[in-house]
Amino acid sequence: MDIGVIGLGSVGLFIASQLSKRHRVTGYVRRTEQQNEIVRQGILLDDHKYEIDVKIISELKMHDLLIICVKQTQMDSLLPYIQNLDSTHILFIQNGLGHVEKVNGLNHVLFFGVCQHGVTKINDYQIRLNGLGQIRIGSDQGSKSAEIIQQQLDDESFPVYYDQDIFSTIQEKLVVNSVINPLTALFEIPNGEILKNSYLKSMAKQLTSEAAKAFSLNEERCWELVHTVAENTQENYSSMLVDLQQHRLTEIDYINGYIVKHSKHDVLLQHFMYQCIKAKEMNRLQRS
Ligand SMILES: NC(=O)C1=CN([C@@H]2O[C@H](COP(=O)(O)OP(=O)(O)OC[C@H]3O[C@@H](n4cnc5c(N)ncnc54)[C@H](OP(=O)(O)O)[C@@H]3O)[C@@H](O)[C@H]2O)C=CC1
Ligand SMILES: CC(C)(CO)C(=O)C(=O)O
């Protein structure tokens, strides 16, 4: 397939590198420094070098499939480029929610996915894989085309699954992120600490319960997921903590903020966490 990957950060660099083994891949970036680095160095992962074409986003053209790997906070700047394209297949890979409503009117065949790999960007062309997971994709616009895309992307070393109920999977991931991300960002700790400190563990349980209720999800299953993810990524720093440390906007509006905005139940703790991170975000952005 001819695939365009938009946004070569941690996730985009990883997906582009893995798909380049079997597909023609073009990466789209917004900075010429990054374009030049990838042209010179390729994408580096564990001593392997992967070569892809790299273009600036204003040069975006049609591909069989476009995979969008920008953050929720960066989606608005991207939409005009996608709106202007002839109809094609587009797969969105984001944490949180907000993007689905935003893009639903687009004249393309839309797929949504979650990335369960843990990837860290070392620099503009180099990444580290902290744990191989999987990518799950699905759609509400007909399962046939989602299954065809899944089969094309799936590979032994890069598992991609078709998920009949992708929106529940996205909600479950949102619940996990609404617990681990703000707690670790607030207390400036690696993910595993929320299970080791009994006070944090109790807060994590209460946040999970509220978030699960907001989406009418099973509380026990959600707590199991939070537990498993915190354990499997115990050494990692959450993306929210890293965003704050690097004085960038976090995805809080699309995670806890989304729950606060859409829940029919009281979500006082989620709201409190939301305000804590917004306060910290404001503080960091004012100092940068
Ligand atoms: N990292 C991880 O392990 C995981 C991340 N996720 C989710 O995946 C999504 C992406 O995360 P991640 O890769 O970590 O984020 P990054 O911040 O590492 O990458 C986002 C990239 O998008 C680029 N970008 C932003 N706007 C545009 C634009 N208009 N055109 C082209 N490129 C653009 C940014 O460029 P620039 O560098 O110039 O700003 C950056 O390289 C997020 O929703 C995240 O929550 C999900 C699971 C795991
Ligand atoms: C799963 C987790 C919490 C891993 O760090 C993540 O998705 C993030 O940091 O945004």
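Each reported figure results from applying straightforward, stated rules to the coordinates on display, with no laboratory input. Remember, it's a predicted structure, so these values are computed and weren't measured experimentally. Glycine gets a Cβ as well: all are built from the backbone with ideal geometry, and neighbour counts include every protein chain shown.
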- request: At a Cα cut-off below 13 Å, give the aspartates and glutamates reachable from K71, other chains included and same-chain residues fewer than 8 away excluded.
  value: D243, E251, D253
query: If you build a Gaussian network model of the chain, linking Cα atoms that sit under 10 Å apart, which residue out of Q245, Q270, Q116 swings the most?
result: Q245
query: Taking Cα centroids, how far is the range 88-117 from the range 233-286 in Å?
result: 21 Å
message: Given a Förster distance of 41 Å, report the FRET efficiency between D140 and S202 from their Cβ-Cβ distance, rounded to the nearest 0.05.
response: 0.65
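Quick one: dipole size for the range 2-164, taken about the Cα centre, charges +1 on Lys/Arg Cβ and -1 on Asp/Glu Cβ, in debye to the nearest 20. Walk me through the numbers on the way to the answer.
Working: 15 positive and 19 negative charges, 56 e Å.
So the magnitude is around 280 debye.
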query: Where in the chain are the helices, taken as whole DSSP H runs, whose Cα atoms extend 18 angstrom or more along the long axis and whose Kyte-Doolittle mean reaches at least 0.5?
result: 166-187
- prompt: For the range 244-253, what does the Karplus curve 6.51 cos²θ - 1.76 cosθ + 1.60, with θ = phi - 60°, yield as ³J(HN,Hα) per residue in whole Hz, taken in order and with x for Gly and Pro?
  reply: 5, 4, 9, 6, 10, 5, 8, 8, 4, 5
- line: Dimensionless Rg/Rh of the chain, both radii on Cα and Rh by Kirkwood, sits at 0.95
- request: Find which of S168, H262, L200 sits farthest along the positive direction of the dipole of the range 168-282, computed with +1 on the beta-carbon of Lys and Arg, -1 on that of Asp and Glu, about the Cα centre.
  value: H262
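Among K144, K196, which comes first, then next, by fewest other beta-carbon atoms within 10 Å?
Working: K144 9, K196 12.
The order, fewest Cβ neighbours first, is K144, K196.
Given the rule -39500 (n - 2.57) for each run of at least 4 DSSP H residues, summed and divided by the residues of the chain, what is its mean residue ellipticity at 222 nm, to the nearest 500 deg cm²/dmol?
On the way: 12 runs with 136 residues, N = 288.
Taken over the chain, the calculation gives -14500 deg cm²/dmol.
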query: Does the range 47-174 come out rounded, prolate or oblate, given a ≥ b ≥ c as the square roots of the eigenvalues of its C-alpha gyration tensor, rounded meaning a/c under 1.5 and, failing that, prolate meaning a/b above b/c?
result: rounded
- prompt: By DSSP, what percent of the beta bridges with both residues in the chain are antiparallel, rounded to the nearest 5?
  reply: 30 percent
- prompt: What is the chain's relative contact order, in percent, from Cα pairs under 8 angstrom and six or more apart in sequence?
  reply: 14 percent
query: What order, most packed first, do the peptides 178-184, 17-23, 213-219, 236-242 have when packing is the mean number of other Cβ atoms within 10 Å of each residue?
result: 178-184, 236-242, 17-23, 213-219
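What's the local net charge at A212, with K and R +1, D and E -1, over the other residues with C-beta under 12 Å away?
On the way: positive: K205, K213, R221; negative: E172, E210, E219, E220, E224.
Summing Lys/Arg as +1 and Asp/Glu as -1 gives -2.
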- line: Applying the gyration tensor rule to the Cα atoms of the range 168-282 (axes a ≥ b ≥ c; rounded if a/c under 1.5, else prolate if a/b exceeds b/c, else oblate), the class is oblate
field: Cβ charges +1 (Lys, Arg) and -1 (Asp, Glu), total dipole of the chain, debye
entry: 660 debye
